[in-house]
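Below is one structure, written out as C-alpha cells, with a few remarks after it.
Just so it is clear, none of the values below were taken in a lab; they were calculated from the coordinates. Just so we're clear, the structure is a prediction, and the values are computed from it rather than from any experiment. Neighbour counts run over all protein chains shown; Cβ positions are idealised from the backbone, glycine included.
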Amino acid sequence: MLRLASSGSFWRLVALWAAILLSLIFLLAPIAIIVALSFSAARYLQFPPPGFSLQWYREFFRNPDWMSSLWLSLRIALGATATALLLGLLAAVALVRERFPAKTAIYVLVLAPMIVPTIITAIAVYFLFARLRMIGSPIAMALGQAVLVLPLVVIIVSATLQGFDRRLEQAAIILGASPLQAFLRVTVPMIAPGIASAALFAFLSSFDELLIPLLLSSPTTMTLPVRIWTSVIMQIDPTITAVSSFLIALAIAVLGAAGLLRRARGRA
C-alpha cells in the first residue's frame, strides 16, 4: 500500500510539472518567435530566420517616425505616472488612515478604471477631451492614462502604508515636527520602496497603453503602441518585431527593478 501511494504521488508530481511546462511553453513561445524574427536577416517576416542581422533594430533607431513615437510615449508615460503617483499617494493615505462616510464606495470608485473595460474608459476620456478640443494633445493622453494607472498606485501604496508602524510618525510629532513634516521626513522615506514599485508598474502600464492614445492621437502625435498598431494594419513592416522586442526588454527591466525594490522593502 505504501508503495502504491508513493507511486501515485510520483505520477501526480510528474503531471503537475508537465502542466506547468506546457503552460510556460504556451505563454513564452510567441514571445520567443517575435524576438527571433527581430534578428532575422530576411527582408520580410520569415520563420525560422535564414540568418542573423541587426537590420531591423537599425531601422527602428534610425527612423525618425519611430523615434518620435518612442520619445512621445516616454513623455506621456512619465506625465501619467507623476500625476497618478501624486493623486494615488493622497488617496491611499486618506483611505488607509481616515474614517469617513461612504469610504468603501469611494474606494470602489477609485478602483473603477481597473474593473470597467478599458474601452469604456477610453471612450469617456475621448468625449471629454474632444469637447475641450484637446485631441492630439500629449497632456490629454497623459491625463487619460493617469486615470487607468491610478488604481495600481492606490493598491500598492495602500498595502505599503498598512504595514507601516505609525508610531514612528507620532514620535516625530511628539518631538516637535508638524504632521506634514513628520509625514514627509519619516513616513515617505520609510515607504519609498513601495512608492517606487507603484511608479514602476504605473509607468509600464502607461507606456504600453493602446486604446486611449489610439482615440486621442493625431497624425503628428502617435505613441509607440499606436504606431505599432498602424504598422500592423496598414502594412506588415518587419521593424515591428524589433520594436516589440524592445518593449519586451523594457518590461523585463521594469519588473526586475520592481522585484529588487520588493526585496529591499522586505529587508527594511
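A few points about this structure:
- Compactness of region 1-154 as Cα Rg over 2.2 N^0.38 Å, two decimals: 1.64
- The chain, helix-only ellipticity at 222 nm - DSSP H runs n ≥ 4, -39,500 (n - 2.57), divided by all residues, nearest 500: -25500 deg cm²/dmol
- Compared with the direct C-alpha span, the chain from PHE47 to ASP165 gains 36.9 nm at full extension, assuming 0.36 nm per residue.
- Phi-based couplings in Hz for region 79-84 (Karplus 6.51, -1.76, 1.60; Gly and Pro marked x): x, 5, 5, 4, 5, 5
- Springs join every pair of Cα atoms under 10 Å in this Gaussian network model of the chain, and among LEU255, LEU27, LEU152 the largest mean-square fluctuation is at LEU27.
- Expected-Rg normalisation [2.2 N^0.38 Å, Cα atoms] applied to region 66-206: 1.19
- About its Cα centre, the dipole of the chain is roughly 600 debye, where the only charges are +1 on Lys and Arg Cβ and -1 on Asp and Glu Cβ.
- Label-reachable residues, region 139-153, where backbone N falls under 15 Å from a point 7 Å from THR220's Cα toward its Cβ: 139
- Note that region 232-246 has calculated 3J(HN,Hα) couplings of 5, 6, 7, 7, 8, 8, x, 4, 5, 5, 5, 5, 5, 5, 4 Hz, one per residue in order, obtained from phi through the Karplus relation 6.51 cos²θ - 1.76 cosθ + 1.60 (θ = phi - 60°); glycine and proline are x.
- Pairs of Cα atoms nearer than 8 Å and 6+ residues apart set the relative contact order; for region 1-109 it is 10 percent.
- Ordering TRP11, TRP56 from the fewest to the most neighbouring beta carbons within 10 Å gives TRP11, TRP56.
- Region 144-268 - Debye-derived log10 I(q)/I(0), Cα point model, q = 0.12, 0.20 Å⁻¹: -0.62, -1.10
- Once backbone amide H atoms are built at 1.01 Å from N, SER40 has SER53 as its partners under 5 Å, excluding neighbours fewer than 5 places away on the same chain.
- Relative to the 2.2 N^0.38 Å rule of thumb, the chain has a C-alpha radius of gyration ratio of 1.27.
- Short-range pairs are left out: with C-alpha atoms under 8 Å and at least six residues apart, the relative contact order of the chain is 27 percent.
- Choice from VAL188, VAL153, VAL243 showing the highest fluctuation, given a GNM over the chain with Cα pairs closer than 10 Å: VAL188
- Each principal axis of the Cα cloud of region 58-108 was evaluated for its coordinate range; sorted largest first, these ranges are 56, 16, 12 Å.
- Prolate/oblate/rounded call for region 141-183, Cα gyration tensor, a/c under 1.5 rounded: oblate
- When the chain is described by a simple charge dipole with +1 on each Lys and Arg Cβ and -1 on each Asp and Glu Cβ, the residue from PHE203, THR241, ALA91 located farthest towards its positive end is ALA91.
- Panel order for GLU209, GLU98, by other beta carbons found within 10 Å of each beta carbon, from fewest to most: GLU98, GLU209.
- Across the options LEU148, THR104, LEU70, the greatest Cα extent toward the positive end of the charge dipole of the chain (unit charges at beta carbon of Lys, Arg, Asp, Glu) belongs to THR104.
- Point-to-point label distance, VAL116-LEU250, nm (Cα→Cβ direction, 7 Å offset): 2.7
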